[in-house]
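Where a number appears in this text, it was derived from the coordinates with a stated rule and is not lab data. Please read all numbers here as calculations on a predicted model, not as lab measurements.
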Amino acid sequence: MPLKTISEAEIVRSKAQMKAGLLMALESSGARAEQLARQMMIYGRPIPLEEIVGKIEAVTVESARAAGRAMISRSRPAIAVLGPGRGLEKAAVIADSLGRRAA
């Protein structure tokens, strides 16, 4: 399963990218207002930057794998095909196997 290929280096890189994006969003007053509004709508309170960074730092290889497994198990994967559909049966088999594993 592809989730097993997540490496510590990828997690470190992803954390750095998320923190950089978060900090860059603080430079724009519009983006900051949008972020605060989203936090108020979802959590009912503004989330302090330190709390967000702490949650990012708490991500591990195993927690990322668990999140991926949880996403797959929530619903049956969809398949989109562009073109004549060669290989469609193989894609359907893959979708079925993901659905069974997650169940």
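What 222 nm value per residue comes from the helices of the chain, counting each DSSP H run with n ≥ 4 as -39,500 (n - 2.57) and dividing by all residues, nearest 500 deg cm²/dmol?
Details: 5 runs with 71 residues, N = 103.
Mean residue ellipticity, 222 nm, calculated: -22500 deg cm²/dmol.
Need the list of aspartates and glutamates near Lys55 for cross-linking: C-alpha distance under 19 angstrom, and skip anything on the same chain fewer than eight residues off.
Glu8, Glu10
Quick one: grab the alpha carbon gyration tensor of the stretch 35-74, order the square roots of its eigenvalues as a ≥ b ≥ c, and give me rounded if a/c is under 1.5, else prolate or oblate depending on whether a/b is larger than b/c. Intermediate values should be presented prior to the final figure.
Details: a/c = 4.56, a/b = 1.61, b/c = 2.83.
In terms of gyration-tensor shape, oblate.
Taking a ≥ b ≥ c as the square roots of the eigenvalues of the Cα gyration tensor of the stretch 4-56, is the shape rounded (a/c under 1.5), prolate (a/b larger than b/c) or oblate? The partial results should precede the final answer.
On the way: a/c = 2.81, a/b = 1.86, b/c = 1.51.
It comes out prolate by the Cα gyration axes.
Can you tell me which aspartates and glutamates have their Cα less than 18 Å from the Cα of Lys90? Leave out same-chain residues fewer than eight positions away.
Partners found: none.
What whole-number value in cubic angstrom gives the convex hull volume per residue for the C-alpha atoms of the chain?
Values: hull volume 16.7 nm³, N = 103.
Residue-normalised Cα hull volume stands at 162 Å³.
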